[in-house]
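Asker: The structure under discussion is supplied below as structure tokens; questions concerning it will follow.
The values are calculated or read from the model by the stated rules, or taken from the named source; none is laboratory data. Predicted model, so just to flag it, every value in this text is computed and none were measured. Positions of Cβ are backbone-derived with ideal geometry, glycine not excepted, and every protein chain shown enters the neighbour counts.
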């Protein structure tokens, strides 16, 4: 039972896909959120009640950019959104975790963006997580990749990154690190080594980083 996390534009989704390619059963919190916020869903209706119809596109789907602009700029709005979303996501993650365990996969990976925020707050590891993996890049790389990915300004990228726990603080809490600041081949190699290490773990008490 592996907890996987990262920061904005750190490449967590890339590592999650690689782990799935290598044979892990991946339970993706972001994918579940998207499913639960589908047009016509009860969750989306509650979000519109809380934040107004401006968070919807013309076709009735959630305008994620509009919702993000509200949440990233206002801590109270983020907390209100979390109270709507997190209980539903946790219940569905639990269901899919049980399915992953029953599948016989060598690892079940819980891909959770705010995993370390929960740990810092003193919460117990959710869903039986036994060890954690952080996908790490330097903050400047986060900023540059966020600007490129989301077509936003440096100021907006910085605001989004600052709305999360600093990635170097997450690094201090993680059991394993994947440095995703290099090229894709290097990330794949690190992820493969880590997968093999987690399937056949070293003696207890050793904290390893994927070199």
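Asker: For a quick check of your reading: which strands (runs of 3 or more DSSP E) sit entirely within the range 93-192 and have at least 1 residues that are within 26 Å of residue 64 (Cα to Cα)?
Answerer: Working: elements: 108-111, 131-136, 176-179.
In the range 93-192, 108-111, 131-136 are the strands (runs of 3 or more DSSP E) which contain 1 or more residues that are within 26 Å of residue 64 (Cα to Cα).
Asker: Quick check, is residue 50 surrounded by fewer than 20 Cβ atoms within 10 Å (Cβ to Cβ) and assigned to a helix (DSSP H, G or I)?
Answerer: Working: surrounded by fewer than 20 Cβ atoms within 10 Å (Cβ to Cβ): yes; assigned to a helix (DSSP H, G or I): yes.
Yes; evaluated as a whole, the condition is true for this residue.
Asker: So, residue 17, is that one at pLDDT 95 or above, surrounded by fewer than 16 Cβ atoms within 10 Å (Cβ to Cβ) and within 30 Å of residue 138 (Cβ to Cβ) or not?
Answerer: Details: at pLDDT 95 or above: yes; surrounded by fewer than 16 Cβ atoms within 10 Å (Cβ to Cβ): yes; within 30 Å of residue 138 (Cβ to Cβ): yes.
Yes.
Asker: Another one. Just checking, does the range 27-45 include any residue being assigned to a helix (DSSP H, G or I), over 21 Å from residue 99 (Cβ atoms) and under 10 Å from the mean Cα position of the chain (by Cα)?
Answerer: no
Asker: Now for a separate question. Can you name the condition, by its number, that residue 140 falls short on among (1) at negative phi; (2) in contact with a helix residue (DSSP H, G or I) (Cβ under 8 Å, 6 or more places away or on another chain)?
Answerer: If we test residue 140 against (1) at negative phi; (2) in contact with a helix residue (DSSP H, G or I) (Cβ under 8 Å, 6 or more places away or on another chain), just (2) comes out false.
Asker: Give me a count of the residues in the range 91-104 that are in contact with a helix residue (DSSP H, G or I) (Cβ under 7 Å, 6 or more places away or on another chain) and either exposed (fewer than 12 other Cβ atoms within 10 Å of the Cβ) or free of Cβ contacts under 8 Å to residues at least 40 places away in the same chain (or both).
Answerer: First pass over the range 91-104, keeping only residues in contact with a helix residue (DSSP H, G or I) (Cβ under 7 Å, 6 or more places away or on another chain): 92-94, 97.
Going one step further and asking which of them are either exposed (fewer than 12 other Cβ atoms within 10 Å of the Cβ) or free of Cβ contacts under 8 Å to residues at least 40 places away in the same chain (or both), we end up with 94.
Going through the range 91-104 one residue at a time, the tally reaches 1.
Asker: Any residue at all in the range 56-71 that is under 21 Å from residue 8 (Cα atoms), surrounded by fewer than 17 Cβ atoms within 10 Å (Cβ to Cβ) and in contact with a strand residue (DSSP E or B) (Cβ under 9 Å, 6 or more places away or on another chain)?
Answerer: Yes; the residues of the range 56-71 include at least one that is under 21 Å from residue 8 (Cα atoms), surrounded by fewer than 17 Cβ atoms within 10 Å (Cβ to Cβ) and in contact with a strand residue (DSSP E or B) (Cβ under 9 Å, 6 or more places away or on another chain).
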